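Student: One structure, pasted below without further comment.
The values are calculated or read from the model by the stated rules, or taken from the named source; none is laboratory data. Keep in mind the model is a prediction, meaning the values are calculated, not measured. Cβ sites come from the backbone with ideal geometry, for glycine too, and all protein chains shown count toward neighbours.
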Amino acid sequence: MKTAAIGFVFVSILLRAATFEAASIKPASPVEAPYAGEDGRNGVLKVWNLTLKGCIVAAYGIANGRILGGPKWMDELRYDILAKADHPANERELLTMLQPLLAYRFQRKMHHETRTLPGYELTVDKEGIKATEVTDPARTSGGNGGRGFIDGYASGFKTLAIRLSAFLGKPVVDMTDMKNEKRRFDFHLKWNPDDSASSDMPSLFTALQEQLGLKLESKKVSVDVLVIDKAELPSEN
């Protein structure tokens, strides 16, 4: 499927008195390293090597398994995004601003539903959390992931649950700390991405317990899902 290059364009996406002064969306280079992520700070949002579905995951803070429908290319074609706000917005604000940008540039339409789906609950193992808690409120959150690893910096486990869902292909619900969702951690999770291969690395389930003190329990979970009614390839500017 042919994709068009998208140049640097000026947009004015108004949301809660916040704007992107400029935004660039272009197909990701196939020669780049095989990992993807996003980083937002000081009014600049950078997204690299993400599919449209991955961009929706980041923008709405929702797990991949909770996004249903849409054309097949949403899971296949990857994009780089550079967007600049008109003020020094933080990461969460920038990602919120990404929502209308995606709707505008990809002509995306969707609606919410509540469904019960096969998935997992992310809980704390009996030995307790092994990740390093971050108490400095000034620390900027971020992270990335790829085949067999997830890194988080000043990040909540809700974000980890979203990334786990992308690897498992099922919704993962964060149940680690229902009373205080604002706790943040530095963590580095590594596992064998191919359980059938001979490796000294543990499986994902074992790695979560050994490295972070967390566990995944298979459950039927009632979750809010986003149903994609329409999405179009962004046109050349």
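Student: Report yes if A83 is in the same structural domain as P30 (by TED's automatic domain parsing), over 16 Å from the mean Cα position of the chain (by Cα), buried (at least 19 other Cβ atoms within 10 Å of the Cβ) and part of a strand (DSSP E or B), otherwise no. Spell out how you get there, then give the answer.
Tutor: Values: in the same structural domain as P30 (by TED's automatic domain parsing): yes; over 16 Å from the mean Cα position of the chain (by Cα): yes; buried (at least 19 other Cβ atoms within 10 Å of the Cβ): yes; part of a strand (DSSP E or B): yes.
So A83 fits the description; yes.
Student: At least 2 residues that are surrounded by 18 or more Cβ atoms within 10 Å (Cβ to Cβ) in each: list the strands (runs of 3 or more DSSP E) lying fully within region 95-190 that qualify. Steps first, please.
Tutor: Details: elements: 109-124, 132-134, 142-146, 149-155, 172-174, 184-190.
Correct list: 109-124, 142-146, 149-155, 172-174, 184-190.
Student: If you check D186 against the conditions, is it without any contact (Cβ under 8 Å) to a residue 60 or more places away in the chain and touching a Ser or Thr at 6+ places or on another chain (Cβ under 6 Å)?
Tutor: Answer is yes for this residue.
Student: Still on this model: List pairs: first in region 66-85 and closer than 14 Å to K230 by Cα, second among the small types (G, A, S), Cβ under 8 Å, 6+ apart or cross-chain?
Tutor: G70/A231; P71/A231; M74/A231
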